[in-house]
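The values are calculated or read from the model by the stated rules, or taken from the named source; none is laboratory data. Note that the structure is a prediction, hence the values are computed from the model and not measured. So basically every Cβ, Gly included, is an ideal-geometry build from the backbone, and we count neighbours across all protein chains shown. The accessibility values were calculated without ligands, DNA or RNA, using every heavy atom of the protein model including side chains. Shrake-Rupley method; radii C 1.70, N 1.55, O 1.52, S 1.80 Å.
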Amino acid sequence: MDDGLRAELLRRMEKDQVARKALDSEAMRGADGENLPWLKGVIAAHGWPGASLVGTDGAHAAWLLAQHADADPAFQRQCLDLLTVAVEAGEARMRELAYLTDRVLLAEGKPQVYGTQVNRHGGSWVPRDLGDPDGVDARRAAAGLGPLAEYLERFGDQRVPTARLKCPGCDVWAPFEPPEGDEPVAVTCPECGLETTVRLKRLAG
């Protein structure tokens, strides 16, 4: 295992997440701008950094950096191809492959496979351009994901939410129920899966 590379992947993932949870757009752009050429260099030198090279957590961090490499669709496609091979070899997780697959396919103007990418339509969250809807739950199960209906329900599929947050990672609106008091609430983006913790400030009187 390359402990130094693993540590750097984890450091970069932490910086990525700190920026996104803080809703700091400048820090997000800075992190993504630094991570993209760095990840390209890692892949050029090592291929896809799988679990045997950087550990399971390091491999997860590599996926996250690739998931946020939207500025270079061709490189993101390269990452998807390498990640596919890594999953087949037991070096990466199928769940992560599912998210990156859908993201890349939609960017290429093709139907997604697993229904991980959704948007709001007619008051409900629905998958964006989903191919073979009848078989989606079988594909999701094979990827370690729950049924699509349960996934959609998590984000207010049956009703209009009373609040929403624009995801700092992908700019999709994520619905959530405001808490009764001033406690923080975790909001999960239905598009990219990023979890952001927010605290709502109540106005007096």
For P(r) over Cα pairs in 10 Å bins from 0, in percent, calculated from these coordinates, the label among (i) 9, 36, 40, 15, 1, 0; (ii) 8, 32, 36, 19, 5, 1, 0; (iii) 8, 30, 29, 18, 10, 4, 2, 0, 0
(ii)
For the chain, the accessible surface attributable to carbon and sulfur atoms (probe 1.4 angstrom, ligands and nucleic acids excluded) amounts in percent to 52 percent
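FRET efficiency for Glu153 and Ala7, Cβ-Cβ distance as r, R0 = 35 Å, nearest 0.05?
0.35
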Please state the shape class of the range 74-174: rounded when a/c is under 1.5, otherwise prolate if a/b exceeds b/c and oblate if not, all from the C-alpha gyration tensor.
prolate
Taking only DSSP H segments of four or more residues, each worth -39500 (n - 2.57), what value at 222 nm results for the chain once the sum is divided by all its residues, to the nearest 500 deg cm²/dmol?
-16000 deg cm²/dmol
GNM result for the chain, Cα springs below 10 Å: residue of Ala143, Ala86, Ala71 fluctuating most strongly
Ala71
Relative contact order [Cα under 8 Å, 6+ residues apart], the range 37-88, whole percent:
32 percent
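Averaged per residue, what accessible area in Å² does the chain show with a 1.4 Å probe, protein chains only?
50 Å²
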Solvent exposure, largest accessible area first (probe 1.4 Å, DNA, RNA and ligands not counted), of His46, His60
His46, His60
Report the accessible area of Trp173, computed with a 1.4 Å probe over the heavy atoms of all protein chains in place, in Å² rounded to the nearest 10.
100 Å²
Summed residue charge, Cβ within 12 Å of Glu34's Cβ, Lys/Arg positive, Asp/Glu negative:
+2
To the nearest 20 Debye, how big is the dipole of the chain about its Cα centre, given +1 on the beta carbon of each Lys and Arg and -1 on that of each Asp and Glu?
400 debye
